[in-house]
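Contents: one structure, followed by commentary.
Read the figures in this text as sums done on the coordinates, not as results from a lab. This is a predicted model, so every value here is computed, not measured. Positions of Cβ are generated from backbone atoms using ideal geometry, with glycine treated the same way; all protein chains shown enter the neighbour counts.
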Amino acid sequence: MKEVSRSVGTLLLLFTLCFSLQGFASSESDDKAEGAVSTKEEIDAYIQHHIKDAHDFHLFSYTADSGERKHVGFPLPVILWSSNGLVTFMSSEFHHDDSGEVIVEKGGSSFVKLHGKIYELEAGASEVKFDEAHHATNASKMLDFSITKSVLGILLVGLLMLWAFSSLARQYKTKKVPSGFGRVLEPLVIYVRDEIAKPNIGEKKYRKFTGYLLTVFFFIWILNLLGLTPLGFNVTGQLAVTAALAIFTLVIYTFSGNKDYYMHMLWMPGVPVLIRPVLAIIELAGAFLIKPFSLLVRLFANISAGHIVVMSLIAIMFTLKNSLGVAGATGLSLVLSFFITLIEVLVAFLQAYIFTMLSALFIGMAVAEHDHDHEHDTHGHEVSDAEDVRENFI
């Protein structure tokens, strides 16, 4: 059974990798076709486009016999707050244009899509005008509440987690040992509880924060895995998403911090009085800037870099096809992409673990009790516990 599972997993990985190649391979048949990706500059632009968010869900493209570039996917809702109020329409009205040429008129306003962003044209403008740096001079950004590809991914993963954990919770009401998919979830839940929450927050208060840590762990992990599929999700590679997760952790440990936490931060004991204000500034910067910044940048940078590396290795089939031949370049690209994808599967779990571990550590530092009862050994000496370990971080 284990051998079958391994074989199925390998086939799924190869399937994912082969479908990931289609974004580039669709242009191989006709390098001169509109939208073809063949030169180094076009490949760089394609990779940058791939890791960005989008207002429509694009699956793949192909060149028709007529030479016209066809795009396969489905539109997503565009929700904007313009100068004339709330405006909604489907992203298909832009007809896959991202250069500002297609103008959509809705609710008394005119809209264009430029470099993945939607702009509102000034009143009376019939086209976008650019300056020397190719910035729009007669259009401005608005509040954009659209259901983008990343938002869709968040909603899908949220519903999946709600269904999976609700099912696991219902099983615990009727049986001690879960069955089905619950058997997969239970070891991971216990791992987060016993290996992350308890050691870093402590036996007394870990239950209060375990729900958040479980949510963050599975949310990041599933989205990281989803980003390795042919669907092209890159949710955790969006700076806004990782920043929101970091802010959640910041809010939790800030409002959960006890008196000792803030006393050590604002007026650190055991040091000369003249140095305490300087240390207070450093501690405040660490708590409100450095800690959340480290959380958001680590996740964003690692996931984005992983996608860029995979796409760059796939692009070998074009950049080296003249020197290695089509078969040699494609074979080298496939082998290298396969092994880096294996590493990315590990990174997907590792980044979820690191974010959850650091969040638990920051929360544990904020709620650590400095005046608590210690256990004693047979000789009457105090035994250090988790509270003492976390106290040393403050």
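Things worth noting here:
- With q set to 0.18 Å⁻¹, the log10 of I(q)/I(0) for the stretch 172-281, from the Debye formula over equal scatterers at the Cα positions, is -1.06.
- Modelled this way, with points 7 Å down the Cα-to-C-beta line, the labels at residue 97 and residue 247 are 3.3 nm from one another.
- Once the C-beta distance of residue 68 and residue 177 is scaled by a Förster radius of 35 Å, the resulting FRET efficiency is 0.05 to the nearest 0.05.
- The stretch 309-329-the stretch 139-179 distance, computed between alpha-carbon centres (Å): 38 Å
- Long pairs among 205/291; 52/321; 113/321, criterion Cα-Cα beyond 30 Å: 113/321
- Taking amide H atoms as placed 1.01 Å from N in the peptide plane, the amide H of residue 70 lies under 5 Å from those of 62, 63, 64, each 5 or more residues away in sequence or on another chain.
- The phi torsions of the stretch 53-67, fed into the Karplus equation with coefficients 6.51, -1.76 and 1.60 and a -60° offset, translate into couplings of 6, 9, 8, 9, 9, 9, 8, 6, 10, 8, 9, 6, 4, 6, x Hz, rounded to whole numbers, with Gly and Pro shown as x.
- Net length gained if the chain between residue 126 and residue 39 were fully extended (0.36 nm per residue, minus Cα distance): 28.0 nm
- One decimal place: the segment residue 134-residue 52 gains 27.6 nm when fully extended, by the rule 0.36 nm per residue minus the C-alpha distance.
- Förster radius 30 Å - calculated FRET efficiency between residue 143 and residue 262, Cβ distance, rounded to 0.05: 0.25
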